[in-house]
1. Stretch residue 32-residue 78 to full length: gain in nm at 0.36 nm per residue minus the Cα-Cα span?
2. Under 14 Å between alpha carbons, and skipping anything fewer than 8 positions from residue 32 in its own chain: which aspartates and glutamates qualify?
3. Counting Lys and Arg as +1 and Asp and Glu as -1, each charge on the Cβ, what is the dipole of the chain about the Cα centre in debye, to the nearest 20?
4. Among 77-85, 100-108, what's the highest-first ranking by average C-beta atoms within 10 angstrom per residue?
5. Just to confirm a number: summing +1 for Lys and Arg and -1 for Asp and Glu over residues other than residue 32 whose beta-carbon lies under 15 angstrom from that of residue 32, what do you get?
6. So what's the convex hull volume per residue for the Cα atoms of the chain, in Å³?
7. Taking the Cα centroid of the range 94-121 and of the range 53-85, what is the distance between the two, rounded to the nearest whole Å?
Amino acid sequence: MSALPISGVGVVNSFFYDPPLRFWRDLDPEGKLTAIYNRYQFMQIKLASQLADADFEITSPRMDAVTLSVQPERFDFAKLHANFVLANQQDAALLKTNARLQLERTDGRVWSLFRVLPSAR
């Protein structure tokens, strides 16, 4: 996946020398979790079906990492200003039930590409 940012494609799962504060402020408008994400970081998004009430959770498993765990069936990926979500087949099976995503293409073996549908704001 590192070929995408190297080629200039905007991605979320990547290294950030300066924290992407606009990205985080859209998820945390009151700044309650600033201490977690205001740092040099390897950011990754993980699917977390076990999130019962919340659509997402922000954690820092170590000093140089920030994890955004999202509930795959409910999370609105438009909050991330994303146009597409690229997922492996295991994650794609969970994302197929998300009403905010539309399956665009799959190779049937490894990857599935979903289009993020606009939010009904």
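1. Gain on stretching residue 32 to residue 78: 14.4 nm.
2. 57
3. Computed about the Cα centre, the dipole is about 180 debye.
4. Working: 77-85: 16.8, 100-108: 13.8.
Descending packing order for the listed peptides: 77-85, 100-108.
5. On the way: positive: 25; negative: 26, 28, 30, 57.
Residues near residue 32 contribute -3 overall.
6. So the per-residue hull volume is 121 Å³.
7. 15
All of the numbers you see were taken from the coordinates with simple rules; none came from a lab. Treat the numbers as computed from the prediction; the structure is a model and nothing was measured. When we count neighbours, we look across all protein chains shown, and the Cβ atoms used for this are built from the backbone with ideal geometry, even at glycine.
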